[in-house]
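Attaching a single structure in structure tokens format; questions to follow.
The values are calculated or read from the model by the stated rules, or taken from the named source; none is laboratory data. Here the structure is a predicted model, which is why all the values come from computation and not from measurement. As a convention, Cβ positions derive from the backbone with ideal geometry for all residues, glycine included, and neighbour counts pool all protein chains shown. Note: areas computed on protein heavy atoms with side chains; ligands, DNA, RNA excluded. Shrake-Rupley method; radii C 1.70, N 1.55, O 1.52, S 1.80 Å.
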Amino acid sequence: MASITFSKVVKQYDGVKEPTVKGIDLDIKDKEFVVLVGGSGCGKSTSLRMIAGLEDITSGEIKIGDTVVNNLPPKDRDIAMVFQNYALYPHMTVRENLSFGLKLRKLPQEEIDRRVDEAAKMLEIAEYLDRLPKQLSGGQRQRVALGRTIVREPKVFLMDEPLSNLDAKLRVQMRAVIKKLHQRLKTTFVYVTHDQVEAMTMADRIVILHQGIIQQYDVPSVIYEKPANVFVAQFIGSPPMNVMDVKRTDKGMSLLPKEESGEKIDWEIKLADYFKADALEDDMRIGIRPEHILIGDQAEGVPCLKVPCKVDLMEPMGAETYLYLECNGLSINARVAPTVKVEVGQKVTANIPLDKFHLFKKSDTTRIGRKSEVELKKGA
């Protein structure tokens, strides 16, 4: 078994006031592809390095399978790690780079050749085995770095932002290579990135970290559709979710302007018909994903909250268009089909479907749960 378990793990660096990792609990299942994602300094790479044994744990416990590895040296953990830097030996050929670690372990030459040939074939670098790293492209070098971990045949693969040095096209190609690799090897993968697109496209489950604390740990679809809090809502998604301040009223709620002197927009809506009534607060935040905002004819026959706006900027992307809208000093992003014809400076209505928006508590930023379909039918 190559499961990984964190139990109240803390990492405190000397001379630093706040712990980098603040008592996290995490359970990664055997053969799972888990991505740790978050901004700089959130603790994702530190967590990965603690699994590898490259960082000591201040307190808590990490287990790989049934073995507590807190004091186990890296060489005894049966893991392999791919770094952001390819770290290839420049004077060695690809074959020599792939086989070097196996020779140090004194494996038979026949076994070394078998593993190297299998890895090279899997990663489509067999024709480059006699080349030096300087004769390879960035993508080919990254494949060699992956190959060097594959030949180890470890229980766990650890990857620390392995694609960040590649251009956009190569990153897309290498994402597919790594995902297929996981499917073929059927081994536990733990992958660190700051790129939420990588996280969404590659992971079985995603760990979102912020300031050393896990904000949400779930499958990509749940994280996207039911973000745990405002941070997750705005971190995942491109463009990010629109989040704006609202105040509960006797008739529903009001969208608050950016400046106090601005005008409120009042909406008549029975919030308790859609959301858990006991979780509603007087001050909240409304969230709506850009692709859920409807413009013009798109909103016909759809119950919506209406926001009068002005088109501030347009970004045609080919298959879709990003609209940057302005309302009482608030900026609202909409992602619409290219068939939606508007112009910069034009007044439009941003329609927010009643079944698509989120509400977050102002007090702790957590998402307020919606009523289930069963509850809605009972209410009706």
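Taking the dipole about the Cα centre of the chain, with the C-beta of Lys and Arg at +1 and of Asp and Glu at -1, give me whichever of N351, I286, V35 is farthest to the positive side.
V35
Taking the Cα of K180, stepping 7 Å toward and past its beta carbon, and measuring to each backbone N in segment 79-122: which are under 15 Å?
In segment 79-122, the label zone of K180 (backbone N under 15 Å from the point 7 Å along Cα→Cβ) covers 119-122.
Continuing with this model, one more query. Shape of segment 109-186 from its Cα gyration tensor (a ≥ b ≥ c, root eigenvalues): rounded if a/c is under 1.5, otherwise prolate when a/b > b/c, or oblate? Walk me through the numbers on the way to the answer.
On the way: a/c = 1.93, a/b = 1.20, b/c = 1.60.
It is oblate, given that a/c is not under 1.5 and a/b is not larger than b/c.
How large is the helix-only mean residue ellipticity at 222 nm for the chain, computed as the sum of -39500 (n - 2.57) over DSSP H runs with n ≥ 4, divided by its residue count, in deg cm²/dmol to the nearest 500?
The helix-only estimate for the chain comes to -7000 deg cm²/dmol at 222 nm.
Using a 1.4 angstrom probe, figure out how much accessible area segment 171-325 has per residue, in square angstrom, rounded to the nearest whole.
It amounts to 49 Å² per residue over segment 171-325.
Also: Relative contact order for the chain: what is it in percent, counting Cα pairs under 8 Å that are at least 6 residues apart?
15
Within the set of other residues whose C-beta is less than 13 Å from the C-beta of E225, count the net charge using Lys and Arg as +1 and Asp and Glu as -1.
Local charge sum for E225: +2.
Find the all-direction average of the projected area of the Cα convex hull for the chain, expressing the result in square nanometres with one decimal place.
Details: hull surface 96.5 nm².
Averaged projected hull area, Cα only: 24.1 nm².
Tell me the volume per residue, in Å³, of the convex hull enclosing the alpha carbons of segment 144-186. Walk me through the numbers on the way to the answer.
On the way: hull volume 2.9 nm³, N = 43.
That works out to 68 Å³ per residue.
Same structure, new question: For the residue pair Q298 and F83, what label-to-label distance in nm results when each label sits 7 Å from Cα along the Cα-to-beta-carbon direction?
4.6
When the accessible area of the chain is split by element with a 1.4 Å probe, what percent falls to carbon and sulfur?
About 48 percent, which is the carbon plus sulfur part of the accessible surface.
What Rg and what Dmax come out for segment 164-271 when only alpha-carbon atoms are used, in angstroms?
Computed over the Cα atoms of segment 164-271, radius of gyration and Dmax are 19.3, 61 Å.
For the chain, give the share of DSSP beta bridges that are antiparallel, in percent and rounded to the nearest 5; count only bridges with both residues there. Please list the in-between numbers first.
Details: 60 of 78 bridges.
The antiparallel proportion sits near 75 percent.
Out of the DSSP beta bridges found with both residues in segment 115-250, what percent are antiparallel (nearest 5)?
For segment 115-250, the DSSP antiparallel bridge percentage is about 50.
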